[in-house]
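Peer 1: Encoded as structure tokens, here's the structure I'll be asking about.
The values are calculated or read from the model by the stated rules, or taken from the named source; none is laboratory data. Because the structure is predicted, anything quoted here is derived from the model rather than measured. Ideal geometry is used to build each Cβ from the backbone, glycine not excepted, and the neighbour counts take in all protein chains shown.
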């Protein structure tokens, strides 16, 4: 994981210090606008086929599109929603439509969004302990989807999600301090190492390395390694 640029660090600082969900929305809007994303939403989407409205943490999403999406029950067959529950990795709309076979009716859901200026989108799954699933979806007419942009947007999204949960009162307790070996293992995760490599570097078994990383994730309250690294950095327990 590369050290963020000064501009990204400034955006992260503003996001982290947002005093309200409204200010957080403004900060995130300013950050993603530089990448061509005009709309975004952080919510807890229903699983494909389930009924119900997804609770929104923060966002700036076209209300007319949201109403159409709900009234026509697009959430039952939305390809992006289906992918969200298949993977923990961030993905673009284009990638999913090109890599999987969907019916014309399913594809039409994504194509319809273009009328609201959302021709391409980027979806970031955010998983918590106990199966909690949120996602930040952002879209625009011609947004950046290159690897550098995706990495920076992922970092800012994890920060924004964490800040939103705290502002909404869903994570009031401080993150427990990691033990030295847990912190060291997570430091090597940030450097792109897998369990076997971490074990070799730390002089322990692969399973022991895996256990240290899993313990760190559990303490921080996330279920992916990327989120664990970002949260550890945010709380000052990890430094790049």
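Peer 1: Among the numbered criteria (1) assigned by TED's automatic domain parsing to the domain that holds residue 139; (2) modelled with pLDDT under 90; (3) surrounded by 12 or more Cβ atoms within 10 Å (Cβ to Cβ), which single criterion is violated by residue 1?
Peer 2: (1)
Peer 1: Let me ask something else about it. Limited to the stretch 219-229, what total is found for residues that are more than 15 Å from residue 188 (Cβ to Cβ) and within 11 Å of the chain's Cα centre (by Cα)?
Peer 2: 2
Peer 1: Related question: Of the residues 228, 216, 185, which single one is buried (at least 18 other Cβ atoms within 10 Å of the Cβ), in a helix (DSSP H, G or I), in contact with a strand residue (DSSP E or B) (Cβ under 6 Å, 6 or more places away or on another chain) and not assigned by TED's automatic domain parsing to the domain that holds residue 86?
Peer 2: None of the other options fit; the residue is 228.
Peer 1: Tally time: how many residues in the stretch 200-213 are surrounded by 14 or more Cβ atoms within 10 Å (Cβ to Cβ) and part of a loop (DSSP other than H, G, I, E, B)?
Peer 2: Counting residues in the stretch 200-213 that are surrounded by 14 or more Cβ atoms within 10 Å (Cβ to Cβ) and part of a loop (DSSP other than H, G, I, E, B) gives 1.
Peer 1: Going by what's in this entry, would residue 157 be described as exposed (fewer than 15 other Cβ atoms within 10 Å of the Cβ), within 30 Å of residue 115 (Cβ to Cβ) and under 19 Å from the mean Cα position of the chain (by Cα)?
Peer 2: no
Peer 1: Criterion first (in the same structural domain as residue 24 (by TED's automatic domain parsing), surrounded by fewer than 17 Cβ atoms within 10 Å (Cβ to Cβ) and farther than 21 Å from residue 84 by Cα) does residue 197 satisfy it?
Peer 2: It is false that residue 197 is in the same structural domain as residue 24 (by TED's automatic domain parsing), surrounded by fewer than 17 Cβ atoms within 10 Å (Cβ to Cβ) and farther than 21 Å from residue 84 by Cα.
Peer 1: Can I ask one more? Hey, can you tell me all the residues within the stretch 92-124 that are crowded, with 20+ Cβ neighbours inside 10 Å and either in contact with a strand residue (DSSP E or B) (Cβ under 7 Å, 6 or more places away or on another chain) or assigned to a loop (DSSP other than H, G, I, E, B) (or both)?
Peer 2: Passing the criteria: 93, 113, 118, 120, 121, 122, 123, 124.
Peer 1: Would you please name the residue that is farthest from residue 134 (Cα to Cα), looking only at residues in the stretch 51-67 that are assigned to a strand (DSSP E or B) and at pLDDT 90 or above?
Peer 2: 60
Peer 1: Also: On the given criteria, is residue 48 at pLDDT below 95, out of contact with any strand residue (DSSP E or B) (no Cβ under 8 Å at 6 or more places or on another chain) and either part of a strand (DSSP E or B) or closer than 15 Å to residue 123 by Cβ (or both)?
Peer 2: Answer is yes for this residue.
Peer 1: For the stretch 161-173, check the following and say yes or no: at least one residue is surrounded by fewer than 21 Cβ atoms within 10 Å (Cβ to Cβ) and in contact with a helix residue (DSSP H, G or I) (Cβ under 6 Å, 6 or more places away or on another chain).
Peer 2: Yes, that holds for at least one residue.
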